[in-house]
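Participant: Got a structure for you, questions after.
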Amino acid sequence: MNVLLQFWSGYARMTRRWPALAAIIPFIPVVALWSAVAAAGIFPRAFFPGPVDVVNSFVTLTYKGILPDYLGDSVIRLFTGAAVGMALGIPLGVLIGTSRWAHRICWPILLFFQAIGDIAWLPILLIWFGFGLTTMTFVIVYTVLFPVVLNTVLGVESVPRDLARAARSLGASPARVLWEVTLPGALPNIITGLRNGLGYGWRALIAVEMIVGTSGIGFMMFDARRSGSTVEILLGMIILGLLWYIVDAWILAPLERATGQRWGLVTS
C-alpha cells in the first residue's frame with residue numbers, strides 16, 4: 001500500500017512538473033503490449049506490424065513528402081469547413097436564442113436536418129458536385145453546424161434575463177446588450193459546441209476522404225487497403241488519434257475551461 005502511495009505521489013509530482021508526461025505515460029503499457037504481441041509472432045507480420053514497423057513507415061512517408069502533404073490537406077479541409085460552420089452556426093444560434101419567432105420557425109427545421117446524418121448526403125452530393133473539395137467541405141460544414149447552433153442557443157438562453165434588463169435600464173442599446181452581455185455569457189457554450197463540432201467534423205472528414213477523396217489521411221488509409229499495407233493503415237489511425245488529442249487536450253479543452261472560469265462556471 002505504501003509503495004502504491006509513493007508511486008502515485010511521485011507520478012503526481014512528475015506530471016505537475018512536466019504536464020506532457022500525463023499524456024505519454026498511459027500509452028506506455030499499450031505500446032509495450034503491442035510490441036510483445038507483434039514480437040511473439042501470434043499473427044503474421046503483414047497483418048499485425050509492430051511499433052517499429054509503423055515508425056519506419058512514418059519516416060519513409062515523411063521523407064517522400066506523402067504524409068506531410070496528406071496531413072496538410074486534411075487539416076486545411078477541417079478548419080475551412082469548421083470556419084464556415086462557425087460563421088453560419090453562431091449567428092443562427094444567437095438569432096434562434098434571442099427571437100421567439102425565429103425559434104418557432106427554425107427549431108423544427110433544425111431538428112429535422114440534424115436527424116439526417118452527414119454521410120447520408122453523400123449520394124446526392126456526388127451527383128451535384130462530383131468527387132471534389134466541394135463535397136467534402138459541405139459534409140464538414142454540415143457536421144460542425146449543428147453542435148455549434150445548438151450549443152449557442154443553449155448558451156444564449158442560459159444568460160440571466162436580469163443582466164440584459166439591467167443593461168437596458170442603464171441605456172445600453174440592443175446591439176450593445178448583445179455584444180457585451182449575451183455573447184460573452186454564451187461564449188462557454190459556444191466553445192463547447194465548437195469542440196464537439198470539430199470532433200464530429202474530423203471523423204466525418206476521414207470517412208469522406210475514404211469514399212471521395214484523392215488525398216488526405218483518410219484517402220491514405222483507404223488506398224493502403226488496396227495494396228494490403230496494414231502498417232500504413234495503423235499509421236493513419238495513430239496520426240488521427242494523436243492529432244485530435246493534441247488539438248482537443250492542449251487547445252480546445254483549455255480554451256473551454258478558461259471561458260468557463262472567466263464567467264464563473266468553473267471554480268477550479
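Participant: Within the stretch 155-178, is even one residue of a type in the set (A, V, I, L, M, F, W, C), over 14 Å from the mean Cα position of the chain (by Cα) and at pLDDT 85 or above?
Facilitator: Yes, some residue in the stretch 155-178 is of a type in the set (A, V, I, L, M, F, W, C), over 14 Å from the mean Cα position of the chain (by Cα) and at pLDDT 85 or above.
Participant: Which of the residues spanning the stretch 219-236 are touching a Ser or Thr at 6+ places or on another chain (Cβ under 7 Å) and either under 26 Å from L252 (Cβ atoms) or of a type in the set (D, E, K, R) (or both)?
Facilitator: If the condition is that a residue be touching a Ser or Thr at 6+ places or on another chain (Cβ under 7 Å) and either under 26 Å from L252 (Cβ atoms) or of a type in the set (D, E, K, R) (or both), then E232, L235 are the ones that fit.
Participant: Another one. What number of residues within the stretch 144-160 satisfy the criterion of being polar (S, T, N, Q) and more than 17 Å from L178 (Cβ to Cβ)?
Facilitator: Summing the residues that are polar (S, T, N, Q) and more than 17 Å from L178 (Cβ to Cβ) in the stretch 144-160 gives 1.
Participant: What helices (runs of 4 or more DSSP H) completely inside the stretch 20-132 contain at least 2 residues that are touching a Phe, Trp or Tyr at 6+ places or on another chain (Cβ under 7 Å), aliphatic (A, V, I, L, M) and touching a residue at least 24 places away in the same chain (Cβ under 8 Å)? Break it down stepwise before answering.
Facilitator: Values: elements: 20-24, 28-40, 51-64, 66-98, 100-114, 122-129.
It comes to 66-98.
Participant: Right, something else. Aliphatic (A, V, I, L, M), modelled with pLDDT of 85 or more, within 26 Å of the chain's Cα centre (by Cα) and closer than 28 Å to V181 by Cα, is that true of I90?
Facilitator: yes
Participant: Output yes when any residue across the stretch 226-236 is part of a helix (DSSP H, G or I), modelled with pLDDT under 85 and over 30 Å from L126 (Cβ atoms), and no when none is.
Facilitator: no
Listed here are the residues, each with its yes/no results for (1) farther than 19 Å from L71 by Cα; (2) surrounded by fewer than 18 Cβ atoms within 10 Å (Cβ to Cβ); (3) in contact (Cβ under 8 Å) with a residue 40 or more places away in the chain.
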{"site": "W179", "(1), (2), (3)": "yes, yes, no"}
{"site": "P184", "(1), (2), (3)": "yes, yes, yes"}
{"site": "I191", "(1), (2), (3)": "yes, no, yes"}
{"site": "W202", "(1), (2), (3)": "no, no, yes"}
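Participant: Could I ask something else about it? Got a sec? Which of L240, L252, L205 is of a type outside the set (D, E), at pLDDT below 80 and either over 24 Å from L145 (Cα atoms) or part of a helix (DSSP H, G or I) (or both)?
Facilitator: L252
Participant: Quick check: anything in the stretch 135-154 modelled with pLDDT under 90, outside any helix (DSSP H, G or I) and surrounded by 12 or more Cβ atoms within 10 Å (Cβ to Cβ)?
Facilitator: Among the residues of the stretch 135-154, not one is modelled with pLDDT under 90, outside any helix (DSSP H, G or I) and surrounded by 12 or more Cβ atoms within 10 Å (Cβ to Cβ), which makes the answer no.
Participant: Return yes when G65 is exposed (fewer than 13 other Cβ atoms within 10 Å of the Cβ), closer than 30 Å to I233 by Cβ and within 20 Å of the chain's Cα centre (by Cα) and no when it is not.
Facilitator: Here the answer is no, as G65 does not meet what is asked.
Participant: If you don't mind, there's one more thing I want to ask. Scan the stretch 151-175 and report the pairs whose first residue is within 28 Å of L110 (Cα to Cα) and whose second residue is part of a helix (DSSP H, G or I) and of a type in the set (S, T, Y), with Cβ atoms within less than 7 Å and a gap of 6+ or a chain change.
Facilitator: Hits for this filter: N151/T192; V156/T98; V156/T182; V159/T182; A164/T182.
Participant: Report the residue count in the stretch 121-134 for those that are modelled with pLDDT under 85 and among the aliphatic types (A, V, I, L, M).
Facilitator: Matching residues across the stretch 121-134 total 1.
The values are calculated or read from the model by the stated rules, or taken from the named source; none is laboratory data. These numbers come from a predicted model, not from an experiment. Note that each Cβ is placed from the backbone with ideal geometry, even for glycine, and that neighbours are counted across all protein chains shown.
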